[in-house]
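Colleague: Below is the structure I would like to discuss, written out as structure tokens.
The values are calculated or read from the model by the stated rules, or taken from the named source; none is laboratory data. Bear in mind that the values here come from a model prediction, so they are computed numbers and not experimental data. Virtual Cβ from ideal backbone geometry, glycine too; neighbours counted across all protein chains shown. All accessible areas refer to the heavy atoms of the entire protein, side chains included, with ligands and DNA or RNA removed. Shrake-Rupley method; radii C 1.70, N 1.55, O 1.52, S 1.80 Å.
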Amino acid sequence: MAETDHLTKLPNRLALTNRLANSLERVERRGAMAMLSLDLDGFKNVNDTMGHDAGDKLLVLVANRILKVLRKEDFLARLGGDEFIVLLEQLADSEVASAVANKILNAMNKPFIIESEEVFISSSIGICFALAGQKTTSSLLMKQADIAMYHAKDMGRNTIQYYSSNLDKISRDRLELGNSLHKAVSQKEFELFYQLQINNSEQTIVGLEALLRWRKNGELLIGPEQFIPLLEEIGLIIPVGRFVIKQALTQLAAWISAGKLTKNVAMAVNLSPKQFRDSDLIKFILKCIDDNKLQGNNLVLEVTETTLLQDNKEVTFILKELASCGIKIALDDFGTGYSSLSHLKNYPIAEIKIDRSFISDILTDESDQEITKAVIAMAHALNIDVVAEGIENKEILDEIILMKCVIGQGYFYNKPLPAIDIEALFDNYKP
């Protein structure tokens, strides 16, 4: 009983430790062994949306499904949570490990039935090897398998990655970056840059988008694509997200109060899916609006289709509550993810942002041109505003105007700039 996981009835961590010690002794004498570290992608979402009982049932189903694709001599253990370890002993060929890992991936991709509902889940798998003549330990082997597994998650999930010494450096760099981000929060190294949103025909300012930047150690400027995913992973996205909302609205209020912008200009802020776990998100946003004597329509909250894919009742409730206060909900990067017209029906979407990948090639790619036309026409029919991102030159702007897209954003108007520099451009777009 001490070596058995009570939920799945698989061997547990203690059993794995004992098995590994014996296995490594055999490897030293002859042969090879592979370790597979397997973690479920999106398991927390199942717990959050369906409850922990459903999550437990899923873990049992996962364990049984993995066992069915393993060989009799293979060993499967559950370490806890949604993490499993597979030992492939007496390994004649490294391709065997690849074949088994792919069988597991394929098995996970089929739906699980829980409480009469289909649940879809995938897995990320890291693989490392113990070879005769190469000194290793149980703890080192598990560390290497974990490093490979986390790299698989970074590479997009539902995939397999092999351990290499290069991943050690990546792992160390990631740890150092995480430590630096904690310091960045306490030392207030984050700042906002802004990009104008312009009425394409009238050439007036209708809004700005607040974009987060990290001035590491007060010098090196780092873009969000390099640190936002890690902020989400280490749990700092909520305090940093609050900073963005508060700072952006405070700055907008200052510009309006000084007469530099009109009262109907809106500030757009991106919301991470993880920010919806902030139980006081609605209260915090409304307080920021009230403290700055702004109206709901002075704020645009940009969400991605990934957020809506969660199909989470809490997400739906939050978006509808915010929309009822006059705050505009915008669907960002439209067309690049899992685009679904149901999102426009089921959520209070008031604005679509057409991704720059379509706009930048609109003059040379007929498909991009037709897709953009169709999205604009559909949005108009649904009384939804459209913003064209990635307007890089006058020719693209002229084409967008012909398509009757009212609002534009891109380097033709300005690259993202600090507040003092963006303010200098306001006079160029006076009504």
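Colleague: Cβ-Cβ distance below 8 Å, separation of 6 or more or different chains: which pairs start in segment 296-319 with a residue that is within 24 Å of Q251 (Cβ to Cβ) and end on one that is at pLDDT below 85?
Modeller: If the second residue must be at pLDDT below 85, the pairs left are T304/D333; T304/G337.
Colleague: How many residues, within segment 308-333, are part of a strand (DSSP E or B) and either farther than 30 Å from F358 by Cα or of a type in the set (A, V, I, L, M, F, W, C) (or both)?
Modeller: Summing the residues that are part of a strand (DSSP E or B) and either farther than 30 Å from F358 by Cα or of a type in the set (A, V, I, L, M, F, W, C) (or both) in segment 308-333 gives 3.
Colleague: Mind listing whichever residues of segment 276-307 are of a type in the set (S, T, N, Q), open to solvent by 10 Å² or more (accessible area, probe 1.4 Å) and assigned to a helix (DSSP H, G or I)?
Modeller: Selection gives N297, T306.
Colleague: Provide a single number: the residues in segment 391-425 that are in contact with a helix residue (DSSP H, G or I) (Cβ under 8 Å, 6 or more places away or on another chain) and under 18 Å from I205 (Cβ atoms).
Modeller: 9
Colleague: For segment 411-425, which positions are over 20 Å from E191 (Cα atoms) and in contact with a Lys or Arg (Cβ under 9 Å, 6 or more places away or on another chain)?
Modeller: Once the filter is applied, which keeps residues that are over 20 Å from E191 (Cα atoms) and in contact with a Lys or Arg (Cβ under 9 Å, 6 or more places away or on another chain), segment 411-425 yields only F412.
Colleague: Just checking, does segment 415-430 include any residue being under 31 Å from the mean Cα position of the chain (by Cα) and under 19 Å from D361 (Cα atoms)?
Modeller: yes
Colleague: Determine, yes or no, whether Q275 is at pLDDT below 95 and either closer than 28 Å to E314 by Cα or of a type in the set (K, R) (or both).
Modeller: Yes; evaluated as a whole, the condition is true for this residue.
Colleague: Which of (1) without any contact (Cβ under 8 Å) to a residue 60 or more places away in the chain; (2) over 30 Å from N22 (Cβ atoms) does K103 not meet, given it meets every other one?
Modeller: Tallying (1) without any contact (Cβ under 8 Å) to a residue 60 or more places away in the chain; (2) over 30 Å from N22 (Cβ atoms), K103 fails exactly one: (2).
Colleague: Another question, then. Can I391 be described as among the hydrophobic types (A, V, I, L, M, F, W, C), part of a loop (DSSP other than H, G, I, E, B) and closer than 21 Å to A266 by Cβ?
Modeller: yes
Colleague: Can you pull out every residue in segment 1-55 that is more than 26 Å from T159 (Cβ to Cβ), among the basic types (K, R) and open to solvent by 80 Å² or more (accessible area, probe 1.4 Å)?
Modeller: The answer is K9, R26, R29, R30.
Colleague: Which of the residues spanning segment 69-88 are exposed (fewer than 15 other Cβ atoms within 10 Å of the Cβ) and either in contact (Cβ under 8 Å) with a residue 40 or more places away in the chain or of a type in the set (D, E) (or both)?
Modeller: Passing the criteria: E73, G80.
Colleague: Taking segment 385-406 as the region of interest, how many residues are open to solvent by 40 Å² or more (accessible area, probe 1.4 Å), touching a residue at least 60 places away in the same chain (Cβ under 8 Å) and within 11 Å of L363 (Cβ to Cβ)?
Modeller: The qualifying residues number 0.
Colleague: Quick one: how many residues across segment 235-275 are open to solvent by 40 Å² or more (accessible area, probe 1.4 Å), in a helix (DSSP H, G or I) and out of contact with any Leu (no Cβ under 8 Å at 6 or more places or on another chain)?
Modeller: 9
Colleague: Taking segment 76-88 only, how many residues are outside any strand (DSSP E or B) and either over 24 Å from the mean Cα position of the chain (by Cα) or farther than 13 Å from I66 by Cβ (or both)?
Modeller: The total comes to 1.
Colleague: So which residues in segment 344-363 are in a helix (DSSP H, G or I) and either modelled with pLDDT under 90 or within 13 Å of E305 (Cα to Cα) (or both)?
Modeller: Hits for segment 344-363 are L344, K345, N346, R356, S357, F358.
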